[in-house]
Amino acid sequence: MLPHKHPILKIFIAIACFFTGIYLLTRYQNPKAYPNSVSTLATGVLVSASASPAAEIQAHAPDGTANLIQRTKISADQSKTYSFFAADVDGKNQQQIFTRTVSPVASMSIPFNAWAPDNKTVFLEENDGVAKKYLVVKVSGERFSKNEQFLEVAGLWGEKKMDYVLDTVTGWASPTLLILTTKKEDGSKGPNYWFEIPSRSFLILAS
């Protein structure tokens, strides 16, 4: 008698699969009818192939009156466009002060102590995957000179043919002085310097 039951069982399974398929299809086509369900279409996991949404980072000035905003947009080829804005501390009156598109292996960031004490200048960090660069930018968006939208500290250091390797820009000593650390060729610690913005000079500090 058992073999005669197999056709009935197969029909029952087929009917159950049919209605299950209809049920699941209805959930995906009308997600509002099932608010607790999860699907890639309903939750927006599917991102445009052209670019990702812009990520945002903020850094308040030490006196709490200004804000530096970094927005990053990743393109389909994985290159990244970084845009920096100066604004009031609440985010109002935003003004773009710098933008740059870099390769997939490179990145930009707002370093610690980015704000000058007078809130008129900031410095940004760029890592091209091999070395770091430090870009000094005016918050007003003005150029430093006709041919200088920004000052690139590592490039200026290299032009001076200094005796040490530039290691890190750590912050501000005054509105016009950045503090630099250096290394010797063997990797040991070198002396600290000031970078004086008006003269583009590097001043060694007493140890």
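The values are calculated or read from the model by the stated rules, or taken from the named source; none is laboratory data. Predicted model only: the values in this text are computed from it and were never measured. Neighbour counts are summed over all protein chains in view; Cβ atoms, including those assigned to glycine, are modelled from backbone coordinates with ideal geometry.
Among the residues making up the range 155-164, those that are under 24 Å from Ala116 (Cα atoms) and surrounded by 15 or more Cβ atoms within 10 Å (Cβ to Cβ) are Leu156, Trp157.
Looking at the range 77-129, which of the residues that are of a type in the set (Gly, Ala, Ser) and modelled with pLDDT under 95 is farthest from Ile179 (Cα to Cα)? Outline the logic, then answer.
Going through the range 77-129, the residues of a type in the set (Gly, Ala, Ser) turn out to be 79, 83, 86-87, 91, 103, 106-107, 109, 114, 116, 129.
From what's left, modelled with pLDDT under 95: 91, 129.
Numbers: Gly91: 28, Gly129: 23 Å.
Of everything passing the filter in the range 77-129, Gly91 is farthest from Ile179 (Cα to Cα).
If you take the residues in the range 166-207 that are in contact with an Asp or Glu (Cβ under 7 Å, 6 or more places away or on another chain) and β-branched (Val, Ile, Thr), which one is surrounded by the most Cβ atoms within 10 Å (Cβ to Cβ)? Among those residues, the one meeting the criterion is Thr182. Is one or more of the residues making up the range 159-181 touching a residue at least 24 places away in the same chain (Cβ under 8 Å), over 24 Å from Ile69 (Cα atoms) and among the basic types (Lys, Arg)? Looking for residues that are touching a residue at least 24 places away in the same chain (Cβ under 8 Å), over 24 Å from Ile69 (Cα atoms) and among the basic types (Lys, Arg), one finds at least one in the range 159-181, hence yes.
When the strands (runs of 3 or more DSSP E) confined to the range 75-178 are screened for residues that are closer than 22 Å to Leu203 by Cβ, those reaching at least 2 such residues are found at 121-127, 132-138, 165-174.
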